[in-house]
Every structure is written in structure tokens, then in C-alpha cells.
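The values are calculated or read from the model by the stated rules, or taken from the named source; none is laboratory data. Note that the structure is predicted; figures quoted are calculated from it, not measured. Cβ placement follows ideal geometry from the backbone for every residue including glycine, while neighbour counts extend to all protein chains displayed. Areas reflect the complete protein model, heavy atoms only, side chains present, ligands, DNA and RNA absent. Shrake-Rupley method; radii C 1.70, N 1.55, O 1.52, S 1.80 Å.
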Amino acid sequence: MNTQQLNGRLSQAQSRCKARGARLTRQRRQVLGVLLSSERPLGAYQILDALSQEQPGIAPPTVYRALEFLQQHGLIHKLESLHAYISCSHPDHTHPSQFLICTVCGDVTELEDPEIADSLDHAAAASGFEPIQDVVELKGHCAQCSGAES
């Protein structure tokens, strides 16, 4: 992501937070900036390492609080199976998330497929199950790693 795109996404995040009556503080913005600049999901300590170059002494709780805030406002997602975070590809609205995670190269693709979400909601309701989280992670090989052509 180039600087102009990064600044645009950070401005979009600022506007979204303001519209919700929340503050995108400097530290929250920096955490989001690290995730937006990364081509791969990052763990909390990887984010901490990136930030500590500019902010020596930054503590893990600061990063975890920022990550929690960013998740609550739909700006990032936590990939449970990887214990890592990724910026949201569709931060302009709330949505259930599905991720395709390549176990070879580490590439992660975020999907926003309402049919998948509806199917899972229907299956859960039919069995009397009440979901508390609506993130689906599918691990496999991306087209490049599996040798398939796009």
C-alpha cells in the first residue's frame, strides 16, 4: 500500500470512529497503520516490535487495547487460527468475515460473501445453535501455491 492509500484508509478509519462517537487516538492509528502497511497478518508482538522503533518503551497492554478497539469498530479482524491480526478489506460497513489462508505462502484473502453467512446462520438456527462469533477461516493453498492459474 502506498502512502496515499495508507493515508486515505487512515482518514476513512478516523471518520468511521468519529461517526460512532469514538476516538482514533494516535496509538490506535499507529497500530492500524502497521497492519495496513503489512502484506501479512501480524501478531501483537510483531506490531509491538514495529512500534517500538518509534516509541521505545511501548508496552504490550497498549497494543492489546488498541487492537481490541480496532476490532470493536470493524477496522481489523483477528485470525484466531494464526493468533494474528489483519486490516479489514471492507471497513466501510459491518459484515461477517470469511478468510482464505494459504498455509504455504501465508497469503490471506478476506471474502465478504453473504450467501456463506446466510447458509451458516440458517444451519446454526436449524440446530438451535447460537453463534457468538461470525468469522470463518479456511486453510489451504492459494492459486499461486497450488499451481493453479487465476
Does segment 51-69 contain at least one residue that is of a type outside the set (A, V, I, L, M, F, W, C) and touching a residue at least 60 places away in the same chain (Cβ under 8 Å)?
-> no
Please indicate, with yes or no, whether at least one residue in segment 75-90 is of a type in the set (Asp, Glu), open to solvent by less than 70 Å² (accessible area, probe 1.4 Å), under 26 Å from residue 141 (Cβ atoms) and in contact (Cβ under 8 Å) with a residue 12 or more places away in the chain.
-> no
Residue list for segment 120-135, filter: open to solvent by less than 70 Å² (accessible area, probe 1.4 Å) and either on the phi < 0 side of the Ramachandran plot or modelled with pLDDT under 90 (or both) = 123, 124, 135
Out of (1) modelled with pLDDT of 95 or more; (2) more than 17 Å from the chain's Cα centre (by Cα), the odd one out for residue 52 is which?
-> (1)
Give the residues of segment 96-117 that are under 23 Å from residue 71 (Cβ atoms) and not in a strand (DSSP E or B), sorted by residue number.
-> 96, 106, 107, 112, 113, 114, 116, 117
If you take the residues of segment 1-16 that are within 19 Å of residue 40 (Cβ to Cβ) and more than 16 Å from the chain's Cα centre (by Cα), which of them is modelled with the lowest pLDDT?
-> 2
If you scan segment 17-45, which residues turn out to be open to solvent by 70 Å² or more (accessible area, probe 1.4 Å), part of a loop (DSSP other than H, G, I, E, B) and out of contact with any Cys (no Cβ under 8 Å at 6 or more places or on another chain)?
-> 20, 21, 39, 40
